[in-house]
Every structure is written in C-alpha cells, then in structure tokens.
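Asker: The structure is given below, and queries will be raised subsequently.
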Amino acid sequence: MARFAISGQIAGTIRSRIEGGGERLWRLQDFGDLSFTATAQALSRLAKTGAIERLSKGIYYRARDTAFGPSRPNPAAIQNLAAKRNTFFPAGLAAANLLGFTTQTARRTELATTASSLPRKLFGDDIRIHTRRPAAWSQLPAADAALLDFLRRGARTSELSPEDTIRRTLTLLSEPGRYERLIKTANTEPPRIRAMLGALGEQLGRDAVALGRLRTSLNPLSRYDFGIFSRLPNAQSWQAKAKEKAPREAL
C-alpha cells in the first residue's frame, strides 16, 4: 500500500509541475529527483488523458489554448532538444550555401543525421531530414560533412558554372587536413563517393598509395554518376559515366 501511495504522490507532483509550467516541452530528465519508473508511468497516463502530448520516447509537450486551437511546439526548441541526442549536419542547399556554392536558401530546412530514424512529430513538415548517414560523419567538422553531402548530390546544388564548381571543390579539399579526414571516412561511403574522392584527389596530386586503395575498393565493371564532376579530365579513368551535359540557356 505504501508503494502505491508514493506512486500516487509522485503522479500528483508531476501533474502539479506540468500544470504550473505552462506551455513547454517536458522530458523524463526534468523529473530527475523522482522515481524514474513512477515518472514514466505518470507521464504516460497524462498523455492518455490528453493533458500532455507524447512527441517521442521520453519527450512530451504541454500545449496552451489559442484562438486557432492548441499551440504547437516551438521548432527551434525541438531542434535544440533533438541536437542533444543526435548529431546533425547541413544538407542540400544548406550545405551548398555553407560551402559557398550558392546564396540560395531552401524554403524547408534540410539536415542530415547519423540516426537511423527520427519521430516525425518532433520536426513537423518544415524540416526535411536525411537519416542513416555513416557514423563516421559524427567525427567530422560540419563543413566536411556538408562537402560529403554536396558530393552525394553530384554538385547539382551549386549555382556556379561547372568549371567554377570544380575549382571551388578542389580549393575546399586543399584546405589543411580536409582531404585526409575525408579519406579516413571513405570506406563508409558509397562506391560513387569513393570514386569521386579518388578523381578529385588525383587532380590535387594526393598520395598515390591512398588513391590506390580507393581504386581497388571499386568494382572495375561499375560506372558511377559523378554529376557535374563528370567534367573532371580524369573522371572516366575513375569509372564515371558519360560527361553530364551542360544545361541549356533559357531562350
């Protein structure tokens, strides 16, 4: 009986804190001074009654009434909370913008993460997230991961000319230590990215032994979509498909 009485007291304490806290996100960690099991049970019961909304495992939201219905979680707060659990990197136009290939910004935020999945409720429809990036990305600076994302898209998010896009990519890869960091993660990348890194590294005159390892990791019968990088003079020797045609100018 005493155990049930204590659980009831904890549930009352949690309800009181939530009701007094107004609109906000709540996590199990916010009740660290209380029994973990009793807290989880209390939050689950509150969610079932509609007092709070379960957004993800261990994450809840207390809404407030507005003229348009219940309020929704603040996207920035959600992203900050998610960032504490997972590593995120700029992707798409955001990656190209960070690297200086474009001045455009996407209408929807685009991110990449090493997580295998993320609850859709945590982010809503204003954020596009690409999951399952290699765990090795977590050891890279954001700009390095953004460059890998840029390569994955064959540089098609660049608003520079193909020639300027290639020159800027080579410049970025020439920054001290960057190419070496990317080579260390190459075995976790798709063959297409390994082939592109090989072609770009060869243009930079990088270590022949490292380039040899990249080449031997590729199936000699395969051909890869290099996107804009198919214009590299050595792209075909690194198994690129036929050179991508330049877009037609508007009439």
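The values are calculated or read from the model by the stated rules, or taken from the named source; none is laboratory data. For clarity, every value in this text was computed on a predicted model and none was experimentally measured. Quick reminder, even Gly has a Cβ in these numbers, built from the backbone with ideal geometry, and neighbours come from all protein chains shown.
Asker: Would you be able to say whether some residue in segment 135-147 is at pLDDT 95 or above, in a helix (DSSP H, G or I), touching a Lys or Arg at 6+ places or on another chain (Cβ under 9 Å) and within 19 Å of Leu232 (Cα to Cα)?
Answerer: Taking every residue of segment 135-147 in turn, at least one turns out to be at pLDDT 95 or above, in a helix (DSSP H, G or I), touching a Lys or Arg at 6+ places or on another chain (Cβ under 9 Å) and within 19 Å of Leu232 (Cα to Cα).
Asker: Continuing with the same structure: Can you pull out every residue in segment 12-45 that is within 13 Å of Tyr60 (Cα to Cα), outside any helix (DSSP H, G or I) and of a type in the set (D, E, K, R)?
Answerer: Within segment 12-45, Glu23, Arg24, Arg27 qualify.
Asker: Looking for whichever is hydroxyl-bearing (Ser, Thr, Tyr) and loosely packed, with under 15 Cβ neighbours inside 10 Å here; the options are Thr165, Thr188. Which one fits?
Answerer: Thr188
Asker: Please indicate, with yes or no, whether at least one residue in segment 189-210 is modelled with pLDDT of 95 or more, closer than 22 Å to Thr87 by Cβ and in a loop (DSSP other than H, G, I, E, B).
Answerer: yes
Asker: Only one of these is modelled with pLDDT of 75 or more and out of contact with any Phe, Trp or Tyr (no Cβ under 7 Å at 6 or more places or on another chain): Arg64, Arg120, Arg72, Arg85. Name it.
Answerer: None of the others qualify; the one that does is Arg64.
Asker: Only one residue in Ile193, Ile228, Ile183 is surrounded by 13 or more Cβ atoms within 10 Å (Cβ to Cβ), touching a Ser or Thr at 6+ places or on another chain (Cβ under 9 Å) and within 21 Å of Asp144 (Cβ to Cβ). Which one?
Answerer: Ile228
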